[in-house]
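See structure below.
Coordinate-derived values only; no laboratory data. Keep in mind that what you see is a predicted model, and the values were worked out from it rather than measured. Reconstructed Cβ throughout: ideal geometry from the backbone, glycine too, with neighbour counts over all protein chains shown.
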Amino acid sequence: MRRLRSLFFRIGAFFRRRGLEDEMKAELQSHLDGLVDRHLAAGMSPEEARDAARREFGGIAQIQEEARDARSVVWVEHLVRDVGYAVRTLRKNPGFTLVVAFTLALGLGVNTALFTWFNAAAFRPLPVPESEQLFAITRLDKNGNETKAMSLVDFVTYRDHQSVFSGLVAVRNMGVEPADATEFMDARGAKSSGFRVETVSPNYFAVLGVPMALGRPLLPSDEDASRAQPVIVLSHQFWQNYLGGDPNVIGRTLRFRGLAEEALSIVGVAGPDFYGTGPGARVGWVPTLMRPGESWRTDLTATDFTLTGRLRAGISPEQAAEELQAIANTMLVRRHEGARTGEVIVLSKASRYLNLSPRQLVLMLPLICMFGAVFVISCANASNLILARSMTRQFEFAVRSALGATRRRLLALLVTESVVLGLLGGALGWALAAAMLRFVWPWLLDMQPHARDGTAGLVLTADYRVFAFTTTVSVLAGLAGGLLPALHVTRRNLLPALNREGSAFGRSIRLSRARNYLVVAQLALSSALIFIAGLLVHRALRTQFYDPGFDLSRLLTLEVMVPRTFGAGQIDAARRQVWERVRELPEVAAISETPRFPFSSTPAKVSVHDPGTAGVRTVQVLQLAVPASYLSTLQLPLVQGRFFNRDDTPADRVAVISETAARELWPGRDALGQRFEVPRSLVAGNTASGVERRNEADTPHTSLTVVGIARDSRVFDPWERSRSIVFLPAPPQTQAGAYLLIRTPHAAERTVATLHQIGRDATGMAPRVFTVKELFAEVYLQYRVVAWVAGILAGLSLIVAVTGLYGVMTYAVHQRVKEIGIRVALGASPRRVATGVLYETLRLVVWGTVLGYALSVVLAVFARVYLFGVSPFDPVACGLVALFLAIVGLLASWVPARRAARVNPVVALRAE
Amino acid sequence: MLILRALQHEPRHGLAIADRIHLVSADVLRVEQGSLYPALYRLEAEGLIRAEWGVSEKNRKARFYELTAAGRKRLASEIEHWERMAAAVRVVLSKA
């Protein structure tokens, strides 16, 4: 209680402090006068009396200081004064201030931009009410891999039996194309990567609580198959960008291919901030019924949906997961032949765009570290610069110290100054981040329209979190930069400073060492960043030159799309029609049915008898059952033997294998004609993708003969060509396949329009046609973006490091002007002096680079998952680092060396 | 505590307080006079004494301090505490 009253009093005193100050002075003076009077009365002379009184009283200045402390909130006063002093000092040295602020701004700006991105993705809640209640149903398999992919069967099962959610929705994201390409022109004229629509359960809007801007949301009655016209609710973004925000849009019809019905009637427009449960540009939302085809409704393995639900109040996620697990065990596992056995159901938060589990956070660690490295480099640079400047203020602070300032106060003063610098850097960094997010980020995205559309909805503006982050980090940066110099300048030993000794021979070695360590640390981090960036850039570049192993410029895939009203017979007929017509096209050189393409295959274990040891060897391979003409359509180069022909069936027990498989199974021998064992279930033709085969040991095996060996290619693994692959003949299908692989004698793009037409003629809907080139490019694209980001970061850090080194070397020369002058006077040639400076600089650079390289190798070993395919001794990256060394060394040492060479001994020795 | 005691009977200004302590302790306690003031201000902030400008005996402007009710209470408890301490110490010393 006493403390509280004291606090109030003190705060009050703070505001009255000027008056109180005068009062105090008057009071003390009066006391002093009283003492003087007494002494005078005792007979002393006036001077004696005054001296005696003063002695009795004590040190006035100190008493005043203590008295002030006792009565007011002094530290605030001090803070205000220190800030004023800091601002004045910084203004008097604009060059220094700007350089340091700019250095800090680089590190702070980059990190602010990153945090803004993070904030938008992972911290800002979804723009629906009570987003904390939203959870997604997640499956964990035995190995701990988690997935949110569910089928409609799952959805219906859970929906009908659960009691823990107040509502459960199913969402599927799919690509569509406008029926007429010119119908939609983006307001900005930007190229769109394709349009995406979400097919959702009709309670979507109700459960999520999405605000509407126009019209009505989807309703359960929209699922009624007998409706005259299917409906769509548009996203606000689509409405604004493509329909011009037309208020009369309700009732208009949009036409898209890829949906079961092409013509959709617009019934509503969602509110402005809503993009769905995940970021990404969408046309809008349609009822699940709009998805074409039939099989996905009853197939447990058609896991295209995510299920999100609103948890009821009072139920914990764990409780809910238990109930869902029970439902899964009774309904799903038992009824669907043991699929999903052993899977655990959990609930994961769905309240943000990016709901990061700790595991995912760990994956992002390298990215965070890289940004952190730039920050550290900036701070080290700033620290160096502040340190250098503080040397020139030693005299001032020595005097202050001698006059009675406590070390604490001086430290406070200096730290305040560097924090002000930090905040200034933060303000500049804020501007830099804003600029980066406005210009650099969209530019990066425009390189890959997929990424741009995929991250729409991320609100990359600053909110209170970003502001708090930037402020905190700025203060930290200021502290980090200024603490060391402050400690140094306020040290107790005043004499050298007071005597204005410059750093002559060997003095302040410790300080130079500190500076050198800082510079080496900066260089190490920079070179590590450059190295990593080099690795990433190299790999990204290499993907452009990846030899896929086959000619992919003339290949297309086609998926026949059928309206939902088609029955099985109609679907089959339509597919056959497409097949026939495509085959007859003069532009088509070969055609084959295909499983999903590319990169589709399933792992399997095959075994082979080893004559050498008379034992059995098992080899892990990828296997794929392919129709007869598949391999020849693909034009996979044939090394030996033949591909399948029309007569090959699974009963013939033949197989084609890849070069690597041949090497692994029969090292050093001719593989053609050899036999190996596979589980019989493979050959029986039951290769539903994704279903794992277990119990290899007791499954009956059957032996196959190798009839052909194919060249290695990337069509099954985008990163690794040398995979062991076994092709088996697919059993003859009674139904026509949905996917076609088409080879054209010329560039694939030319045939796309014709294929569209054929598909439309057959089913009334345009098929989905992709060139294989596009499909491959999509896979590699993300690595390009990462490489760009890394490159930018590395570039920035290079700038900072060079500036730092330059500053340090210039300052060192400046400090040692006297020493250099003496040397020159004693006969050293200017060239020798310059060379000396050069050596010293290079020594630092080499140290820094070597350390940096060691650091990057260690990191590369740990972060292998990010960098698979590129070794730490990658020549391009090493070359870049060496280049870095050369550039930095030269740039940073050139001017200081020249300055050293030009030192005029007479001037140097006379100057102080 | 000493300051509070010095103000027990009547308001005094700084110099007078110093004198009083000096006098009553029979010269044993000699404080650097100025160091009174931080203590005075602290006590003032805590609300144990209050101050007012007035005129001293020598016709000089001075700030007079007097005890508040809270101050009196505090003085009493401090004295009691001190005497208990002293008694305990005495007991310990005499036992030895």
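Residues whose amide H comes within less than 5 Å of that of A:VAL176, counting only those at least five positions distant or on another chain, are A:PHE195, A:ARG196, A:VAL197 (H built at 1.01 Å from N in the peptide plane). Residues A:LYS92, A:LYS148, ranked from the fewest to the most other C-beta atoms within 10 Å, line up as A:LYS92, A:LYS148. The modelled label-to-label distance between A:LEU411 and A:ASP304, using points 7 Å beyond Cα along the C-beta direction, is 6.6 nm. Karplus-derived 3J(HN,Hα) values for region A:455-464, using 6.51 cos²θ - 1.76 cosθ + 1.60 with θ = phi - 60°, are 10, 4, x, 7, 8, 8, 10, 7, 10, 4 Hz; glycine and proline are entered as x.
The mean sequence distance of close C-alpha pairs (under 8 Å, at least 6 residues apart), as a share of the length of region A:230-291, puts its relative contact order at 50 percent.
Among A:TYR464, A:TYR806, sorting on how many other beta-carbon atoms sit within 10 Å of each Cβ, with the fewest leading, yields A:TYR464, A:TYR806. In the elastic network of chain B, a GNM with C-alpha springs shorter than 10 Å, the most mobile of B:ARG12, B:ARG20, B:ARG84 is B:ARG84. Taking amide H as placed 1.01 Å from N in the peptide plane, the amide H of A:VAL562 sits under 5 Å from that of A:GLY293, each at least 5 places away or on another chain.
The distance from the alpha carbon centre of region A:807-849 to that of region B:44-65 is 67 Å, rounded to a whole number. To the nearest ten degrees, helix B:69-95 and the longest principal axis of the Cα atoms of chain B are 30 degrees apart.
Put in line by how crowded their Cβ is, counting other Cβ atoms within 10 Å and starting with the fewest, A:ILE758, A:ILE315 read A:ILE315, A:ILE758. For region B:1-76, calculate the relative contact order in percent as a whole number, restricting contacts to Cα pairs under 8 Å that are 6 or more residues apart. Across region B:1-76, relative contact order equals 37 percent.
Taking amide H positions as modeled 1.01 Å from N, with prolines and chain starts lacking one, the residues under 5 Å from A:GLY215 and 5 or more places away or on another chain are A:VAL269.
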